[in-house]
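Peer 1: If you scroll down you'll find the structure; I have some questions about it.
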Amino acid sequence: MEKPNILDLEAKGCFDFFWNEVNTDKNSNGYGLILDQSANKEVASIAAVGFGLTAIVIGIERGWITREEGYERTKGTLETFLNHVEHEAGFFYHFLNMETAKKYEKFNDCASIIDTTLFLNGAITSAEYFEGEIKELFEKIYERIDWTIYYDESVNQYYMGYTPETGGFHHWETYAEQMTQYVLGVAAPNHPVPVKIYDGFERKSAKYGPYEYINAPGGALFVHQFSHAFIDFKNYLDSDGIDWFENSVKASLASRHYSIENPNGMKTYHENAWGLTACASPNGYIVPGTPPFYPTVNPVNEGTVPPCGAAGSIVFTPEESIAALEYYYENHPKLWGEYGFWDAYNLDVEPAWYAEHVIGIDKGITLLMLENHRSGLVWDLYMKNEYVQRGIDLLGWKKK
């Protein structure tokens, strides 16, 4: 019997989350909002919607839904964001009430630049795929954003969060998942940020095993994946000659090397169980990663492994990532559920722990990277966008 194609199975599972765990009530202000995670039916995540808009395009191309179904859902979702989702100067609140599209009342939430950007990335993919009215809706949403409220000129960095009461707070000080913020922020038709902002974040080189690369403070793998799901970095060097694609290859190999070396002797980690990144754990949401860590970081490498870590790096380490996914599927039946892999598992607790829910952004990075590995679809659409091209030109990135 031929063994199942894990890429097909997991991609369809991811898509089903984005298609099913959504507000489908057209009379609701929250039509099109997608759950942050399957375990909480009240809360939507705008980042999950960004991945979900892209999932619709993938679903049409894979034959899982019709173009008409995808168009209708996309149009309604963008209308929700234009007309109903709570925002500050165009920046949306991260977590929303699924029904009202207002900020989720039980969380102390802020308007979020990274999550707004992840939403915009999905909207750009939709705009390039459907064109016409979908593109017009994206442009209306993009044009009203005032990127300058998120710019701290005194340190030449973006703020991380913003509320009307506090203004901006915390900063994007280091390399992380925020690269598309620079592209869209400098290219904005109204209220852009200056091009020099790209020089404002620290590029700190780290070494683990034989791999030297620019890492983020906690070493979580998602920081090397999220921007890369949309921007096709493999054809570009930035204005300093940095090859961010190759940087993510090294980060992925270093992550796997950590699981192989397994300095703390964890049962879960090995050559096919790697990719430490933000995920659910037996003790709630954690952000494990690859050392060396910044002094401010308290690492939580306690044995939890999320399949999205290796899956999200499939464009960087195809053989190693597929081997990991096949290992999870063949050896951990409790890790498999209605939406493909559950979020994570841990063999270092008694009894062994398996998540029983999925998280939107983890399913999202998995689905988009699987598709880019197989067809390049998301890259092709996103890179066609005039604002993306303008941002890349303004930042001085050059084709290899």
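The values are calculated or read from the model by the stated rules, or taken from the named source; none is laboratory data. In this text, all values refer to a predicted model and were calculated from it rather than measured experimentally. Reconstructed Cβ throughout: ideal geometry from the backbone, glycine too, with neighbour counts over all protein chains shown.
Peer 1: Which residue pairs have Cβ atoms closer than 6 Å, lie 6 or more positions apart in sequence or on different chains, and pair a first residue in the stretch 346-371 that is within 12 Å of residue 52 (Cβ to Cβ) with a second residue that is in a loop (DSSP other than H, G, I, E, B)?
Peer 2: As it stands, the answer is 360/36, since those pairs meet every condition given.
Peer 1: Shifting gears a bit: Mind checking which residues of the stretch 60-100 are without any contact (Cβ under 8 Å) to a residue 60 or more places away in the chain and either of a type in the set (Ser, Thr, Tyr) or under 21 Å from residue 227 (Cα atoms) (or both)?
Peer 2: Across the stretch 60-100, the qualifying residues are 66, 77, 80, 90, 92, 93, 94, 95.
Peer 1: Still on this structure: Quick check on this structure: which one of 330, 302, 338 is at pLDDT 95 or above, among the acidic types (Asp, Glu) and crowded, with 16+ Cβ neighbours inside 10 Å?
Peer 2: Residue meeting the stated conditions: 302.
Peer 1: Could I ask something else about it? Quick check, is residue 363 of a type outside the set (A, V, I, L, M, F, W, C), crowded, with 18+ Cβ neighbours inside 10 Å and either within 21 Å of the chain's Cα centre (by Cα) or not in a loop (DSSP other than H, G, I, E, B) (or both)?
Peer 2: Judged against the criteria, residue 363 is a match.
Peer 1: Residue 206 versus (1) crowded, with 21+ Cβ neighbours inside 10 Å; (2) of a type in the set (A, V, I, L, M, F, W, C); (3) modelled with pLDDT under 95: which is the lone unmet condition?
Peer 2: It fails just one condition, (1).
Peer 1: Just one of 90, 63, 70 is surrounded by 19 or more Cβ atoms within 10 Å (Cβ to Cβ) and within 24 Å of residue 370 (Cα to Cα); which is it?
Peer 2: 70
Peer 1: Quick one: in the stretch 217-261, of everything that is of a type in the set (Gly, Ala, Ser), buried (at least 24 other Cβ atoms within 10 Å of the Cβ) and assigned to a loop (DSSP other than H, G, I, E, B), which residue is farthest from the chain's Cα centre (by Cα)?
Peer 2: 219
Peer 1: Name the pairs: first residue in the stretch 30-55 and under 13 Å from residue 14 (Cβ atoms), second residue among the polar types (S, T, N, Q), Cβ to Cβ under 6 Å, at least 6 apart or on different chains?
Peer 2: Qualifying pairs under 6 Å: 54/125.
Peer 1: Under 7 Å by Cβ, and 6 or more places apart or on different chains, what pairs join a residue from the stretch 149-175 that is touching a residue at least 24 places away in the same chain (Cβ under 8 Å) with one that is part of a loop (DSSP other than H, G, I, E, B) and of a type in the set (Val, Ile, Thr)?
Peer 2: 151/193
Quick grid of which residues meet (1) crowded, with 24+ Cβ neighbours inside 10 Å; (2) in contact with a strand residue (DSSP E or B) (Cβ under 9 Å, 6 or more places away or on another chain); (3) in a loop (DSSP other than H, G, I, E, B):
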{"position": "99", "(1), (2), (3)": "no, no, yes"}
{"position": "107", "(1), (2), (3)": "no, yes, yes"}
{"position": "114", "(1), (2), (3)": "no, yes, no"}
{"position": "119", "(1), (2), (3)": "yes, yes, no"}
{"position": "124", "(1), (2), (3)": "yes, no, no"}
{"position": "127", "(1), (2), (3)": "yes, no, no"}
{"position": "133", "(1), (2), (3)": "no, no, no"}
{"position": "139", "(1), (2), (3)": "no, no, no"}
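Peer 1: Would a scan of the stretch 355-376 turn up a residue that is over 20 Å from residue 58 (Cα atoms) and of a type in the set (A, V, I, L, M)?
Peer 2: Checking the stretch 355-376: at least one residue is over 20 Å from residue 58 (Cα atoms) and of a type in the set (A, V, I, L, M).
Peer 1: OK, next. Given the conditions (1) in contact (Cβ under 8 Å) with a residue 60 or more places away in the chain; (2) closer than 30 Å to residue 192 by Cα; (3) of a type outside the set (A, V, I, L, M), report the number of the one that residue 13 does not fulfil.
Peer 2: (2)
Peer 1: Determine the pairs where a residue that is in contact (Cβ under 8 Å) with a residue 60 or more places away in the chain, located within the stretch 376-389, has a partner that is aliphatic (A, V, I, L, M) and not in a helix (DSSP H, G or I) with Cβ atoms under 8 Å apart, the partner being 6 or more residues away or on another chain.
Peer 2: Note: pairs meeting the criteria are 379/231; 382/231; 383/231; 387/188; 388/231.
Peer 1: Taking residue 161 as the residue in question, decide whether it is in contact with a strand residue (DSSP E or B) (Cβ under 8 Å, 6 or more places away or on another chain), closer than 18 Å to residue 47 by Cα, among the small types (Gly, Ala, Ser) and crowded, with 18+ Cβ neighbours inside 10 Å.
Peer 2: Yes: the conditions hold for residue 161.
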